[in-house]
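Asker: One structure is given below, represented as structure tokens, and several questions about it will come after.
What follows draws every value from the coordinates through simple rules; no lab data is involved. What you see is a predicted model, and the numbers here were worked out from it, not measured in a lab. Neighbour counts are summed over all protein chains in view; Cβ atoms, including those assigned to glycine, are modelled from backbone coordinates with ideal geometry.
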Amino acid sequence: MHAFNALITELKTAQKLVVVTGGGMSAESGVSSFRQAMIGPWANYDVRDLATPQAYARNPKLVWQWYNFRRLQSQTAQPSSAHHALVDLEQHIPTFVLVSLAIDGLHWRAGSRDLIELNGCVQRTRCVESAHLGDWEEEGEVPPRCQRCGSPLRPDVVLLGEGFARQDVRRAQIAVESCDAILFLGELSAADPIAQFPFSAKRAGARVLTVNPDPASIFSVMADIHINDTPGNVIPALVAGVTRVEGA
Ligand SMILES: [Zn+2]
């Protein structure tokens, strides 16, 4: 209870907050991980057949179908109470940036707007030639063609081996280097640049806050305040505590 109240106090005074989410938040909405989704007919494939630029070059139809399956899974999932609470928190803190590794689009559906989706979003498409963004086409050619330039479409997600978009990483880094608190939520894969964020934030004098059921993760180890639990169990009550009007 002490850590919970301390976290409320931190967030009440934060002027510039960065929140980082990933697979843990998606799992609480019932979105399976990449590996968990490789069931049924997909169990016969290797990740390299489904989610790399080479796979798309070899067999764009298969890659499109795989991400269409992932997209439909995400579409039937609903934003959790933690997703919704982050929307309330965004409205309460002067400068708020949400950085997510999730591709399910649930933060956007919940209403988060200052959002950097480092891995892209499976609900969007992008054309190969000109990177025109669009909505997913349900019918016709597979993969469909861009209505603006005729080039084939692909999911607007970062495929394995591609690396994050540089402008997204830069935006996230600038937010981390200028925040006064950073909150890591749920289980996160500790790959760069996310794994660097606790260090960059501390160098900038920011407080590192974590809600994560894994006390051994780098984000928990680096935390000034760590709550050893899942976002779904903690965030709705936490945000209610932050946004409650004093004396009400
Ligand atoms: Zn195009």
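Asker: Would you kindly state how much longer the chain becomes between residue 13 and residue 78 on full extension, computed as 0.36 nm times their sequence separation minus their alpha carbon distance, in nm to one decimal? Walk me through the numbers before you get to the answer.
Answerer: Working: separation 65, 0.36 × 65 = 23.40 nm, distance 3.07 nm.
Net length gain for the segment: 20.3 nm.
Asker: Taking the 0 to 90 degree range and rounding to the nearest ten, how far is the long axis of helix 81-92 tilted relative to the main principal axis of the chain, both from C-alpha atoms?
Answerer: 60 degrees
Asker: If I model a spin label as a point 7 Å beyond the Cα along the Cα-Cβ vector, how far apart are those points for residue 87 and residue 48 in nm?
Answerer: Modelled inter-label distance: 4.2 nm.
Asker: Can you tell me what share of the DSSP beta bridges in the chain is antiparallel? A percent to the nearest 5 is fine.
Answerer: Antiparallel bridges: around 30 percent, rounded to the nearest 5.
Asker: Going highest first, how would you order 135-142, 81-88, 50-57 by mean Cβ packing within 10 Å?
Answerer: Ranking the peptides 135-142, 81-88, 50-57 by packing returns 81-88, 50-57, 135-142.
Asker: What order do you get for 61, 202 when you list them from fewest to most C-beta neighbours inside 10 Å? Write out the running numbers ahead of the final one.
Answerer: Values: 61 11, 202 14.
Final ranking by Cβ density, sparse to dense: 61, 202.
Asker: With an 8 Å Cα cut-off and a minimum separation of 6 or more residues, compute the relative contact order for region 98-248 in percent.
Answerer: Numbers: 220 pairs, mean separation 21.7, N = 151.
Over region 98-248, the number comes to 14 percent.
Asker: Size of the dipole of the chain about the Cα centre, Lys and Arg at +1 and Asp and Glu at -1 on the beta carbon, nothing else charged, in debye to 20?
Answerer: The dipole of the chain has a size of about 400 debye.
Asker: Per-residue ellipticity at 222 nm for the chain, helices alone: DSSP H runs ≥ 4 residues times -39500 (n - 2.57), over residue total, nearest 500 deg cm²/dmol?
Answerer: After summing the helix terms and dividing by the residues of the chain, the value is -11500 deg cm²/dmol.
Asker: Right, something else. For region 1-143, give the magnitude of the charge dipole about the Cα centre (Cβ charges: +1 Lys/Arg, -1 Asp/Glu; no others), in debye to the nearest 20.
Answerer: 280 debye
Asker: Near residue 63, within a Cβ-to-Cβ distance under 10 Å, what is the net charge of the other residues, with Lys and Arg +1 and Asp and Glu -1?
Answerer: In short, +2.
Asker: If you take the square roots of the eigenvalues of the alpha-carbon gyration tensor of region 37-111 and sort them as a ≥ b ≥ c, do you get rounded (a/c under 1.5), prolate (a/b over b/c) or oblate?
Answerer: Verdict is prolate for region 37-111.
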